[in-house]
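The values are calculated or read from the model by the stated rules, or taken from the named source; none is laboratory data. None of the values given here were measured: they were computed from a predicted structure. In this analysis, Cβ positions are derived from the backbone assuming ideal geometry, glycine residues included, and neighbour counts consider all displayed protein chains. Keep in mind that these areas ignore ligands, DNA and RNA; they rest on the heavy atoms of the full protein, side chains included. Shrake-Rupley method; radii C 1.70, N 1.55, O 1.52, S 1.80 Å.
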Amino acid sequence: QVQLVESGGGLVQAGGSLRLSCAASGRTFINYAMAWFRQAPGKEREFVAGIDWSGGSTSYADSVKGRFTISKDNAKNTAYLQMDSLKLEDTAVYYCAAREWSILTMVGHFGSWGQGTQVTVSS
């Protein structure tokens, strides 16, 4: 498994931006597809965005399309989630996840998880 550490969360006003980072270690990062999930209080963890091992294919939840961008820097062993035009409903703990090669969108498809970073959007 690859070890993952998220950073970049915080408090931001609605309409603002944040960039989350996910630093990976322990295995060959280039082989891994990366994804971001989020979990709001009282809700199930949900898929937000994913990128395949090469960085050539991405997938987004409908709720974030056009506002969030996922990317992957294999040289830095780091994945990113750029979040723009943030809304109150984006408030959640954001988790980075990894699996080999291809993007999938279910929690159970991922074997490696970070500890999560809190994103709070205020009005």
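The set of residues from the range 102-123 being touching an Asp or Glu at 6+ places or on another chain (Cβ under 7 Å), of a type in the set (A, V, I, L, M, F, W, C) and over 26 Å from Gly15 (Cα atoms) comprises just one member, Ile103. Restricting attention to the range 60-68, does a residue exist that is open to solvent by 50 Å² or more (accessible area, probe 1.4 Å), of a type in the set (Lys, Arg) and not in a strand (DSSP E or B)? Yes, the range 60-68 contains a residue that is open to solvent by 50 Å² or more (accessible area, probe 1.4 Å), of a type in the set (Lys, Arg) and not in a strand (DSSP E or B).
The condition of being in contact (Cβ under 8 Å) with a residue 60 or more places away in the chain and more than 20 Å from Ala75 (Cα to Cα) holds for Gly10.
For the range 19-42, enumerate the residues that are part of a strand (DSSP E or B), open to solvent by 30 Å² or more (accessible area, probe 1.4 Å) and of a type outside the set (S, T, N, Q). Hits for the range 19-42 are Arg19, Ala23.
Restricting attention to the range 69-93 and to residues that are hydrophobic (A, V, I, L, M, F, W, C) and part of a loop (DSSP other than H, G, I, E, B), the residue that is least open to solvent (accessible area, probe 1.4 Å) turns out to be Leu86. Within the range 94-117, which residues are closer than 13 Å to Val5 by Cα and in a strand (DSSP E or B)? Tyr94, Tyr95, Cys96, Ala97, Ala98, Ser112, Trp113, Thr117 - these are the residues of the range 94-117 that are closer than 13 Å to Val5 by Cα and in a strand (DSSP E or B). Out of everything in the range 1-18 that is in a strand (DSSP E or B) and open to solvent by 80 Å² or more (accessible area, probe 1.4 Å), what residue ends up being nearest to Val119 (Cα to Cα)? Among them, the one singled out is Leu11.
Before we move on, is Phe29 under 17 Å from Val5 (Cβ atoms), without any contact (Cβ under 8 Å) to a residue 60 or more places away in the chain and either touching a His at 6+ places or on another chain (Cβ under 8 Å) or not charged (D, E, K, R) (or both)? Spell out the reasoning first.
Details: under 17 Å from Val5 (Cβ atoms): yes; without any contact (Cβ under 8 Å) to a residue 60 or more places away in the chain: yes; either touching a His at 6+ places or on another chain (Cβ under 8 Å) or not charged (D, E, K, R) (or both): yes.
Against the criterion (under 17 Å from Val5 (Cβ atoms), without any contact (Cβ under 8 Å) to a residue 60 or more places away in the chain and either touching a His at 6+ places or on another chain (Cβ under 8 Å) or not charged (D, E, K, R) (or both)), Phe29 qualifies.
A residue that is touching a strand residue (DSSP E or B) at 6+ places or on another chain (Cβ under 7 Å), hydroxyl-bearing (Ser, Thr, Tyr) and without any contact (Cβ under 8 Å) to a residue 40 or more places away in the chain can be found somewhere in the range 65-82. Just for the range 99-122: of the residues that are modelled with pLDDT of 95 or more and more than 13 Å from the chain's Cα centre (by Cα), which one is surrounded by the most Cβ atoms within 10 Å (Cβ to Cβ)? If we take residues in the range 99-122 being modelled with pLDDT of 95 or more and more than 13 Å from the chain's Cα centre (by Cα), then Val121 is surrounded by the most Cβ atoms within 10 Å (Cβ to Cβ). Summed over the range 58-76, the residues that are over 14 Å from the mean Cα position of the chain (by Cα) and farther than 25 Å from Pro41 by Cβ give a count of 4.
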